[in-house]
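No value in this document is a laboratory result; all are computed from the given coordinates. No experiment lies behind these values; they were computed from the predicted model shown. FYI the Cβ positions are ideal-geometry reconstructions off the backbone, even for glycines, and counts take in every protein chain you see.
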Amino acid sequence: MTIAELVQEASLEQVGYSSDECLKCNVCNTVCPVARVTDLYPGPKYVGPQAARFRMGRAQPAQVAGLPHLLSPDMTVDYCSGCGWCTTVCPAGVKVAEMNSQSRARMKAGKRPKLRDWGLGQTDLTGSIGVLFSPIGNWALANRPIRRMLELAFGIHHAAPFPKFSKRTFQSTWKRRQKRRGITAVPGPERAVVYFHGCAVNYYEPHVANAAIAILERNGYQVIVPEQVCCGLPLISNGIYGEARDRANKNIKILADYARKGYKIVGTSTSCTHTIKAEYREMLDIHDDDATLVANATWDICEFLLDLHDQGKLDTSFGPLDEELPYHAPCQLRSHGIGLPAMDLFALVPGLRAKDMDHDCCGIAGTYGMKKEKYDIGMAVGAPLFEKVRASGATEAACDSETCRWQIEKATNVRTRHPVEILLAAYRAGDARPVAAPVPAAPAAQSH
Amino acid sequence: MPSADLVVVGAGLSGHTAALAAAESGARVQVLAKGHAGTHWGTGGFDIAGLPGSATSRDGLRRLAATRGHPYAILSDDLEPALEWLRTRLAAEGLTYEGDLDTPLARVPTSIGGTRLAAILPAAQAAAVRPWEPGERLVVCGIAGFKDFWPDAIAASLSRPRVWGGVAGPSRVDAVTVELPGLAARHNLSALELARRLDDPAWRADAVGRIAAALERSGAATGRVALPAILGLDDHAAVLEEFRRRLPLEPFELPLVPPSIPGMRLYYALRAALIRAGGRIQIGEAIAHVDRDADRVIAVASEAAARTTTVRTGSMVLATGGIAGGGLVADHGGHLEEVVLDLPVEAPEFADWLAPDAFDPAGHPLEGAGIRTDADLRPVDQSGKPVFENVRVAGSLLAGQRYLRERCRDGVAIASGWRAARTMTAVAVAEPSAVTAGPGGGEARSVLR
């Protein structure tokens, strides 16, 4: 059985049959950020539920001589960025974005993936090599002629945002630190959480992990950092489901042991946490008990902190931060269905004027906006956001997802941080305050 | 999620109206909706009571208010203040409406070449309401490659006097089709794409020039021109202004099949007003379950990835729509279920669901199905006793309206949304002890009950 058939067989119930609910009302087309800026993509209704009936022909072989694409009548599905807005707004419950992702996987199944698409999915591989040779890697990625060559050879746009490789991986720094501190015993799930750092933190942004851990420890939680692999989202986005499923199974195996003991799994990458919560089951069709156990135990860091606050357990000794803070809610965060917890946390910081930019998508959509043929689309999708961020006059912005941060920072030159970095700065401002000084009343951050 | 004084379920016209009114009174409001809906499917105009034989909306309103069991029987006094209030809020977001309850109901053309009764319309559609002067001409202007609007068929149909229901229509109706810049080879244009293109000032300047030239060629020196409802989305006011200024004929829009551009303008204006008033809105997740304490709703959980997300709340407005909106679900056994609170549903006998004549002018009996409430819009059981103390029902979910036939959907939505918010606010002022426990301390406050 081919992957295509497997995907099709298993997903019909959850995703494929949801096309039966489609009323053809076009609401999904009204919110599609890609269709908004280009006619290379006709819109989610046409590519998703409308084309789905043609893809349902189970009797058709995945490959027919001379007709290699029989199962996907609409090749423009590859221009779907996977932002998920279509699924969000559908009044009938059609899983449009999921349908599109699976259609892409089917379209690509049985063929060797483009080297670039495969490579963009190998975040652990490229990250490890990059960290190992970080001075050369960082020089190369900042070198214009080399970037032009990369574009020519692999189709990665020369202007696409790439972060700097860290000098060492977060995992290795963490192990060293734990050894230095002599920490071996781990407290129970009331006093400790498991941290899923994801690739961005491991290879590029260890400072995000440091901020998250400092905040968790300040609130009385020891942090457990198990061995882990890429969540698999970059592979899913590039239609490479087989490898994505391998990654997912590895992570589930590792994390299920903790989840069974009652530990919560907290992540700083809102796209990784959403992948673990939803896509392992919905997209990759991993439906065993462990997958559900792990999904239910997984929390986005801001969701976790806000939940602590709801229980009256969050240390709120935030000091004042006198600044404008434009905030972008990533598409993956919206798919969590948890509101905008970062904005609610920012509201606890005196003086902080956080403002939701209220824009659909920054355009990067994981690896989408890095590709040569999609870079301009991504930039056009994000353009109104970039304009708003620039117009705010702020010196820094905030966003929960790494690739969005890189995209916003590259496009606007405004330093873009993870919400936990802002919160840590607020804690430090509180610590620096004279002890006896009265705490100023917190003006509410602008609501969203 | 932080706790709220009011959770509104549904993000259509009634939900937004309730949420906005409550937010303006100082309540912390959270809107939760499964998706976009009603607004995106509608005309963007406000149907209050477009009854044949009524001279004005006020006349129609009076007739419906006298109809046993109709929502207007308890809402008729709320409609006018609610409508005026909402208009000012929409105008502040750049969306103006013309006409009021005393504007004569007029036959305005539709995009399938018929007419419908209307009086209160967004500015871009309002020119259609004015009576036709003797000798006044109408040109229907289509766009080449745009398949949702067929000007020749519309003009042919509107040329028949009987379409105008006994009132004088235009003296002559012509059709023109214009090819817009850069779209020569296109055969799959959507209203959405055309509206967005018109938002671009440079493209618009060229496009309006071509439309003006085509209208001049049509030979109609004065009169009106009916255009598909594509006159801009984000920058609608500027687009409308340019069309009015540069076309030789007075333009008006005809609403089209979904997605409705005028409906989207309404949605985004409502949403902007709500956010400006401090309200919060989350689209995308259905309600998973509701926690109650005796006859009070105390928390609402919406679906979320892996878990549910809970909002503790002091009160709730149910604005989920009727069968079309998804607030009521019918099964094959003749049961209607209210999806959020499982409220008692008033519905016709199953045997009556299949009417002998599918096109009976009286309408389908299921149209009137919905939730019965008391005068404060609290849902009631069969004995008329409120089922929940702190829940209000608004919009198409209310029983007793035949909104397709009575053209009353928007009026009921606006009046009930407004009243829902006001009855709760009024009660809270009278009974300041109505307080819910907020999470995390320091938030135990509720202005609504």
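Within 10 Å of each Cβ in B:280-287, how many Cβ atoms from other chains are there, averaged over the peptide?
For peptide B:280-287, the averaged partner shielding equals 5.
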Taking the dipole of region B:126-254 about the Cα centre (Lys, Arg +1; Asp, Glu -1; charges at Cβ), the one of B:G165, B:A212, B:G142 that reaches farthest to the positive side is B:G165
Per residue of A:335-343, count partner chain C-beta atoms within 10 Å of its C-beta, then hand back the mean as an integer. 6
For chain B, would you read off the P(r) tail past 28 Å as a percentage of all alpha carbon pairs? 52
Please give the helix B:409-430 orientation as an angle from the longest Cα principal axis of chain B, in degrees from 0 to 90, rounded to the nearest 10. 30
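Just checking the output field for B:24-34: average partner chain Cβ neighbours within 10 Å of each residue's Cβ? Display every interim value, and only then the final one.
Values: counts 0, 0, 0, 0, 1, 1, 1, 0, 2, 2, 6.
Other-chain Cβ atoms within 10 Å of each residue's Cβ, averaged: 1.
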If R₀ is 41 angstrom, what is the calculated FRET efficiency for the pair A:K111 and B:A202, using the beta carbon separation as r and rounding to 0.05? 0.45
As a test, work out the antiparallel percent of DSSP beta bridges whose residues both lie in region B:184-342, rounded to the nearest 5. 75
Where only C-alpha atoms are counted, convex hull volume of region B:126-254 per residue in Å³: 97
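Near A:V131, within a Cβ-to-Cβ distance under 11 Å, what is the net charge of the other residues, with Lys and Arg +1 and Asp and Glu -1?
Values: positive: A:K164, A:K167, A:R168; negative: A:D124.
Charge balance in the 11 Å sphere: +2.
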Charged-residue dipole, Cβ positions (Lys, Arg, Asp, Glu), region B:126-254 about Cα centre, Debye nearest 20: 400
With +1 on each Lys and Arg Cβ and -1 on each Asp and Glu Cβ, and nothing else charged, work out how big the dipole of the protein assembly as shown is about its Cα centre, in Debye to the nearest 20. 2560
Which value results for Rg/Rh of the protein assembly as shown when Rg is the Cα radius of gyration and Rh the Kirkwood radius based on the inverse mean 1/r? 0.98
Computed over chain A, the relative contact order (Cα-Cα under 8 Å, seq sep at least six) in percent reads 15
Helix A:241-261 axis, angle to chain A major axis (alpha carbon atoms, nearest 10°): 40
Restricting attention to the alpha-carbon atoms of chain A, what are Rg (one decimal) and Dmax (integer), both in Å? 22.0, 80
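With an 8 Å Cα cut-off and a minimum separation of 6 or more residues, compute the relative contact order for region B:126-254 in percent.
Details: 221 pairs, mean separation 38.6, N = 129.
Worked out over region B:126-254, it gives 30 percent.
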Work from the charge dipole of region B:299-359 (Cβ charges, +1 for Lys and Arg, -1 for Asp and Glu, about the Cα centre) and give the residue of B:A324, B:A355, B:S302 farthest towards its positive end. B:S302
Run lengths n ≥ 4 of DSSP H only: what is the helix-derived mean residue ellipticity at 222 nm for the protein assembly as shown, with -39500 (n - 2.57) per run over all residues, to the nearest 500? -11500 deg cm²/dmol
Contact order relative to length of region A:249-354, as percent, for alpha carbon pairs under 8 angstrom and 6 or more apart: 27
May I ask you to list the residues of region A:133-147 whose amide nitrogen lies under 19 Å from a point 7 Å from Cα along the Cα→beta-carbon direction of A:S172? A:133-140
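Run through the DSSP bridge list for chain B and note the antiparallel percent, rounded to the nearest 5.
Numbers: 25 of 57 bridges.
Of all bridge pairs located within chain B, approximately 45 percent are antiparallel.
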By how many degrees, between 0 and 90 and to the nearest 10, does the Cα long axis of helix B:201-217 differ from the longest principal axis of chain B? 50
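With +1 on the Cβ of every Lys and Arg and -1 on the Cβ of every Asp and Glu, and nothing else charged, how large is the dipole of region A:310-411 about its Cα centre, in debye rounded to the nearest 20?
Working: 11 positive and 16 negative charges, 73 e Å.
Dipole about the Cα centre, nearest 20: 340 debye.
Restricting to region B:126-254, compute how many DSSP beta bridges are antiparallel as a %, nearest 5. Display every interim value, and only then the final one.
Numbers: 0 of 16 bridges.
Here the share of antiparallel DSSP bridges comes out near 0 percent.
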Residue among B:L249, A:I254, B:G368 farthest towards the positive dipole end of the protein assembly as shown, charges placed on Cβ: A:I254
